[in-house]
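Take a look at the structure below.
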Amino acid sequence: MDAQILNLRKKAMQLPESSGVYIMKDKNEKIIYIGKAKVLKNRVSQYFGSQNNHQEKVRKMVSNVATFEYIMTDSEFEALILECSLIKQYSPKYNILLKDDKGYHYIKITNEMWPRISETKQVLDDGARYLGPYTSSSMVSKAVDEALKIFKLPSCKRNFSKEAKNVRPCLDYYIKQCSAPCIGKITHQSYMENINEAIDFLKGGNLLSIKNLTAKMNKAAENLQFEKAAVIRDKISALNKLGVSKQKVILPDKREFDVIALVQSKTLSCIEVFRFFNGKLYDSEDFMFNDVGDSKTARMEFLEQYYSRVEKVPPVILLDGETDSRGVISEWLSKKLKRKVKIIIPKKGKNLEIVEMCKNNASSKLSQKLGRTLRETSALEELAQLLSLNFIPEYIEAYDISNLYGSENVAGMVAFFNGRPLKSAYRKFKIKGFEGQDDYGSMLEVITRRLCEYEKLKNTKEGFGKLPDLILLDGGKGHVSVVKALLEEKGYNIPVFGMVKDDKHRTRAISTQGEEVVINRNRSVFTLISSIQEEVHRFAIGYHKKLRQKNTISSELNEIPGVGPKRTSVLLTYFKSMAKIKESQIDELCKVPGITKPIATNIYNNFH
């Protein structure tokens, strides 16, 4: 641990044991991270302890911290409010940020005699009324378009205040999608009724609009205003058709809730949001982030950022996993909504099905971004869950030892990137440290050499210059124990697991230091691990056989008078195979550098 971190830890240990907000700064006094804590001393001191226990994002942040400040609060809830405010003000580099360039959209209702409804990306100080913000541009665009058509409102830029002379209505009037105020086909009072009904539709959805319009239609019929009632009936019919065609996910109970799911790889993460109203999915959006670190912290920061920006907070939020400060965030959202907000992590039933659907969508978006299939992402994601990893392992290295009773002791390493073999990264190792059979010693030598190469090349970030997200060993808990101890000794925090075979030499389970994780119940993980184990075994045993064959050939040639190791190497390089050497005539053998006619005669006579 360097002097800078030791000094920061000493300072952190002097913090008060109260709730508050801490502010991390770099050497230029720029704020790079803002967090909240129930107990400032405990939370901040954790950053400056052993760096092996931190994820990569935290290690990077800590390495850039020159100093920190803090603000005490009376409660963790107050710390949350202050944290949200400060993050919005300073946009620190290492916090999860929902940037403005995500594209927030609004619905604009102009302040004029004949108001217009349109979509916009900016809120101006022009006296107009704005609904939003909304993050889905397609949702806003469709909603505005549907409102204009159903309530027959104009989409043109004509001035309706001027007296219409020699003006012809546009096509929308003739196809019954506009009431043509430009030529006086609708009174101002009726026009304003249509505007207000359209606003109700945009704010409350088609179900609320249908309810209000039905009441108006019944009242008009009671007053014998049958023509007006018929017009309203047509609007209700259009809204009913819209409801059938628009909704793709409909639940039997009319609930309002949001669903949030997180999928992580080592370098990129995706958070998907589904929004339900009256039991219907009316909006969905996804957010891509680089390294978000710990999943619990990531969910907490996303909830803070997302609900600081959106106008509508639902009474129920379904999450795919645990989040830090769930109770405090629930309290904050409850005060914002002015009613109880529940944050639920479903374990079974319909809620779990909806969360899994949301998570599958996040996996699909992440797959597209990373250039892999959804099946590959799902297999890697399930593997991460099975092994309790905090991220999807993108780059996996697997090792296997091969020998014949201790002779020709070698190892093979294969690499898988995004669930696919990366053959350019395969490596072969010839065990040099000892003679005889010792699988544990062989594996330790190979991993040690691998780490030494990383230290030499880590600035290049290529080949052995980057570390794997996961190491798999062809072996059980003994192999895992010795390699894990080596990694811990050298300060590397890389997950290590073994691949265990059954008595028929087929993949059976994944081994930890103390137990085995059964994988044959999970088809996608079983297929992935089986393919990795088969590939590394094939690669290692192939190298072993090649060396044995080469040595057999070498010993056969070395027995010929006048042919030593050097001439053996020259002959094999020239003819490429033992078969061609055996088939060659004396004059052909004489063409090889260093092979005289007497030696060529000896070689020919040996095989004939």
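The listed peptides 303-312, 4-13, 255-264, ordered by packing as a protection proxy, come out as 255-264, 303-312, 4-13 (highest mean of other Cβ atoms within 10 Å first). Here the dipole of the stretch 559-607 is about 140 debye; that uses its Cα centre as origin and unit charges on the Cβ of Lys and Arg (positive) and Asp and Glu (negative). Listed from fewest to most Cβ neighbours within 10 Å, the set SER511, SER531, SER237 follows the order SER237, SER531, SER511.
Exceedance of the 22 Å cut-off in Cα-Cα distance is absent from the set LYS211/LYS235; LYS11/LYS60; LYS60/LYS490. For LYS591, which lysines qualify as cross-link partners when the Cα separation must be under 24 Å and same-chain residues fewer than eight apart are set aside? Once the sequence-local lysines are set aside, what remains near LYS591 is LYS550, LYS566, LYS576, LYS580, LYS582. The Cα atoms of the stretch 3-95 define a convex hull whose projected area, averaged across directions, is 5.5 nm². What the Cα atoms of the chain give is an Rg and a Dmax of 35.0, 125 Å. Helix 3-12 versus the longest principal axis of the chain: what angle, 0 to 90°, nearest 10, using Cα atoms? Helix 3-12 sits roughly 40 degrees off the main axis of the chain. Only alpha carbons enter this Debye calculation for the stretch 559-607, each as an equal point scatterer, and the log10 of I(q)/I(0) it gives at q = 0.19, 0.22, 0.27 Å⁻¹ is -0.49, -0.68, -1.10. Between the C-alpha center of the stretch 413-487 and that of the stretch 272-346 there is a gap of 41 Å. Assuming charge only on the beta carbon of Lys and Arg (+1) and of Asp and Glu (-1), the dipole of the chain about its Cα centre is about 1440 debye to the nearest 20. The H on the amide N of THR67, modeled in the peptide plane, is under 5 Å from the matching H of LYS25, each at least 5 residues off or on a different chain. With the highest mean first, a sort of the peptides 532-543, 325-336 on other beta-carbon atoms found within 10 angstrom per residue produces 532-543, 325-336. The HN-Hα couplings worked out from phi for the stretch 570-576 by the Karplus form 6.51 cos²θ - 1.76 cosθ + 1.60 (θ = phi - 60°) are 5, 4, 5, 5, 6, 8, 6 Hz, whole numbers, x standing for Gly and Pro. What the Cα atoms of the stretch 257-371 give is an Rg and a Dmax of 13.6, 44 Å. The alpha-carbon atoms of the stretch 327-481, seen along their principal axes, cover 74, 32, 28 angstrom, with the largest extent given first. Projecting the Cα atoms of SER155, GLN533, PHE226 onto the charge dipole of the chain (Cβ charges, centred on the Cα centre) puts PHE226 farthest toward the positive pole.
Measuring between alpha carbons in the structure, the pairs from LYS266/LYS338; LYS88/LYS365; LYS152/LYS219; LYS25/LYS461 lying more than 30 angstrom apart are LYS266/LYS338.
For the peptides 84-91, 290-297, the ranking by mean Cβ contacts within 10 Å, running from highest to lowest, is 290-297, 84-91. When the chain is described by a simple charge dipole with +1 on each Lys and Arg Cβ and -1 on each Asp and Glu Cβ, the residue from GLY514, ASN7, HIS188 located farthest towards its positive end is HIS188.
Set the Cα radius of gyration of the stretch 387-548 against 2.2 N^0.38 Å, with N its number of residues, and you get 0.98.
Only loop residues by DSSP count here, and only those with at most 14 other Cβ atoms within 10 Å; note down the GluC sites (Glu not before Pro) in the stretch 429-529 that meet that. Sparse-neighbourhood loop GluC sites (Glu not before Pro): GLU435, GLU462, GLU515.
Counting every other Cβ atom within 10 Å of each residue's Cβ, CYS452, CYS182 order from fewest to most as CYS452, CYS182.
Any read-out appearing in this document is the output of simple, stated calculations on the displayed coordinates, not a laboratory observation. Please read these numbers as outputs of a predicted model, since none were measured by experiment. Virtual Cβ from ideal backbone geometry, glycine too; neighbours counted across all protein chains shown.
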